[in-house]
Every structure is written in structure tokens, then in C-alpha cells.
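Everything on this sheet refers to the single structure shown next.
The values are calculated or read from the model by the stated rules, or taken from the named source; none is laboratory data. Computed from a predicted model, the values in this text were never measured in an experiment. With ideal geometry, Cβ positions are generated from the backbone for all residues, glycine too; neighbour counts draw on all protein chains shown.
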Amino acid sequence: MMKPIYYLLLGCLWMATACQKENVDDPVFDVTAESLTVKAGEAVKFAFTGDPGLISFYSGEVGNDYAFKDGRVVEAGEVFMSFNTNTQYGTQANQFSVWASTDFNAKYNIGDVKAATWVDITDRFTIANSTTYTNSGSVSLNDIVVDGQPIFIAFKYVMNQPVATLGVGKTWRVQNFSLKSNTSIGTQVLADHVSAGWLLVYEGPKEETRSSITASTITMRANAQNTTAYTEDWCISQAVQAGSVDMGPDRSIAVKGYANSRLEEYTHTYAQPGTYKATFLAANSNIHDNKQVLKQLDITVVP
């Protein structure tokens, strides 16, 4: 007679325990700041009350802003391009030019290159006329950029014939390529010399290694031996996304977990002046339940 009663009481105790585990308490939590105004580079000290199981933090800076926890799309900004060139040897004119395309299919063979629509943008830039590297100037490409489509940049070198009347081919070099966008979250580097991922494509017979790409320099030059054939050298970038960019959600910083003891303070340093909404999210959570409390403070950062 005792066993059924024992098992009944044990079952009731297990059910009561399980029910308790399914629910969590509302987190008790609050935040104050030692000062709501600080200088850039100085730490903001936040003081906590309560002891929630989890605390996460959004500083309000780009990439760590609670307002964009569900996603951030950065609208296309003004796109600027720049590079340095030099030239030496030879006398042939009009060999070097600069092009842009938004419909190139990224198949790096001369047939597909020729099939694309390329815009000649050479005259927008300052191009070298000596061995001294010359800065091209920072030039807007906004009239070419198409939102939702990549842009490709190309440096083109032609060797015209006959050399006897048009002159011997020059050597051209390109360094410090930069493609940037001035957006709502600041200047973004879209591509540089390395990340542009340059590839060479030729029309006509081309001697190996005459034109080349190194970690710092694009070199374009004529054949050394076969000087009677017309050739084109195209040095083309990989696709560069210059329009609106979906950056995904901003992420929080984990400040405290269940394994950590009670936390009484936290510090964060803002590098740039501005007004930031510092957000702390406190939670008690298990597989059955999650209860949260949100605390926000406006922090002013001065120079």
C-alpha cells in the first residue's frame, strides 16, 4: 500500500520541479553611467544593479548598433577611383587607357571582353608622361555605377603597327589603385590593388611575362621579339560591388553569461566623437522560457 503512495508523491514532486524549471524569473537589472558625456578615447564606466543570467551590449557604433539588430542596408554612396602611373622607354602615343563596365560577364577571355560594354574614362584622370609616378586624382564614377550590378575596371594597352611610323612601344606601370565609396557610415574601401584581383587578357600574339601583375604593380608593355603584330593587353579587375550593400544584422557584445559571477560594472571606449545609444540587454533564459529587459543610455562623445 505504501509503494503506490510513494510513487504518487514522487511523481507530483517531479512535476512540480519540472514546472519550476520551465519558467524563469523576470531579470532584475538597471544601468547607470558615471558620465553621459566623455571625450573620444576615454572609457565610459557603466554600473549595474541586479544579477541577470545574461547581459549583452550594443555600443551604438556601426556594426554594434541595437537599432540595426535585424539588418543594415548601406545605400550606395559617391564612388571615387584613383591610381598612380608612370611610363618609360618608347615613343608610341595613345597606348594606355582606362575603362569601366557594368555588364562584363566575368569570363576572362578576349571574346567576352570585347562583347561587354566598356566606357572609356581615361580623360577623367591625370596620366603620367614620365618615369615619375603621377597621381591620377580622385575621380567620381557615379554616372557609371548601376545599383545592383557590379562594376569592372580595366587598364588597356595597345601596340599599334607599323612601329616604323608609329614608334616603339612604351612601358606603363600602375600602382596604388583605390576604389572607395563615401556612404552614410563613412568612407568604405571597395577595392585596392590586391583585393581587385586583376587578371590579364590578350588579343594577338603575346610573349609570356612581358605584361605582369605583382603585389604592388601592374606592368604593361610590348613584345620584345615579335614587334610586327598588333596586340591588346587588358588588365581587368574582379567584380566590385559599388551599389547598395546588405551588411546583415549588427551584433552585440557578450558581457556576462550564466557561468560568470555577478557583474557590477562594464567599460567601453568610443574612438570617434558623436552621439551613441548605448544599449544593454539583460535576460534570464532556458530552453522553455526567455525573459528580457532593455536599458538604454544616450552617450555624447566629444573631441
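For residue 93, are the conditions met, namely being assigned to a strand (DSSP E or B), exposed (fewer than 14 other Cβ atoms within 10 Å of the Cβ) and at pLDDT 95 or above?
Values: assigned to a strand (DSSP E or B): no; exposed (fewer than 14 other Cβ atoms within 10 Å of the Cβ): yes; at pLDDT 95 or above: yes.
Here the answer is no, as residue 93 does not meet what is asked.
Got at least one residue in segment 236-249 being on the phi > 0 side of the Ramachandran plot and surrounded by fewer than 13 Cβ atoms within 10 Å (Cβ to Cβ)? Full working, then the answer.
First, the residues of segment 236-249 that are on the phi > 0 side of the Ramachandran plot: 248.
After this cut, where a residue has to be surrounded by fewer than 13 Cβ atoms within 10 Å (Cβ to Cβ) as well, the list is 248.
Checked segment 236-249: at least one residue is on the phi > 0 side of the Ramachandran plot and surrounded by fewer than 13 Cβ atoms within 10 Å (Cβ to Cβ).
Give the residue, chosen from 298, 233, that is charged (D, E, K, R) and within 30 Å of residue 170 (Cβ to Cβ).
Details: 298 fails: within 30 Å of residue 170 (Cβ to Cβ).
On inspection, the qualifying residue turns out to be 233.
Determine whether residue 53 is surrounded by 16 or more Cβ atoms within 10 Å (Cβ to Cβ) and touching a residue at least 60 places away in the same chain (Cβ under 8 Å). It would help to see each step written out before you state the result.
Working: surrounded by 16 or more Cβ atoms within 10 Å (Cβ to Cβ): yes; touching a residue at least 60 places away in the same chain (Cβ under 8 Å): yes.
Yes, satisfied.
Sort out which residues of segment 71-90 are farther than 18 Å from residue 136 by Cα and in a strand (DSSP E or B), and write them in order of number.
Correct list: 72, 73, 74.
Looking at segment 172-183, is at least one residue on the phi > 0 side of the Ramachandran plot, in a strand (DSSP E or B) and among the polar types (S, T, N, Q)? So that I can check it myself, show each step before the final result.
Residues of segment 172-183 that are on the phi > 0 side of the Ramachandran plot, as a first pass: 176.
In the following step, the residues that additionally are in a strand (DSSP E or B) were identified as 176.
Still in the list and also among the polar types (S, T, N, Q): 176.
The answer is yes; a qualifying residue exists.
Take the conditions over 27 Å from the mean Cα position of the chain (by Cα) and either assigned by TED's automatic domain parsing to the domain that holds residue 190 or among the hydroxyl-bearing types (Ser, Thr, Tyr) (or both) and apply them to residue 137. Does it pass?
Working: over 27 Å from the mean Cα position of the chain (by Cα): no; either assigned by TED's automatic domain parsing to the domain that holds residue 190 or among the hydroxyl-bearing types (Ser, Thr, Tyr) (or both): yes.
Spelling it out, it is not the case that residue 137 is over 27 Å from the mean Cα position of the chain (by Cα) and either assigned by TED's automatic domain parsing to the domain that holds residue 190 or among the hydroxyl-bearing types (Ser, Thr, Tyr) (or both).
Among 73, 98, 113, 62, which is the only one that is surrounded by 14 or more Cβ atoms within 10 Å (Cβ to Cβ) and under 20 Å from the mean Cα position of the chain (by Cα)? Step through it out loud before you land on a result.
Working: 73 fails: surrounded by 14 or more Cβ atoms within 10 Å (Cβ to Cβ); 98 fails: under 20 Å from the mean Cα position of the chain (by Cα); 113 fails: under 20 Å from the mean Cα position of the chain (by Cα).
None of the others qualify; the one that does is 62.
Residue by residue, here is whether (1) assigned to a loop (DSSP other than H, G, I, E, B); (2) at pLDDT 95 or above; (3) touching a His at 6+ places or on another chain (Cβ under 6 Å); (4) more than 30 Å from residue 63 (Cβ to Cβ) holds:
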| site | (1), (2), (3), (4) |
| --- | --- |
| 105 | yes, yes, no, yes |
| 113 | no, yes, no, yes |
| 154 | no, yes, no, yes |
| 165 | no, no, no, yes |
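Only one of 197, 186 is in the same structural domain as residue 210 (by TED's automatic domain parsing), on the phi > 0 side of the Ramachandran plot and at pLDDT 95 or above. Can you tell me which? Steps first, answer last, please.
Values: 186 fails: at pLDDT 95 or above.
Matching residue, one of 197, 186: 197.
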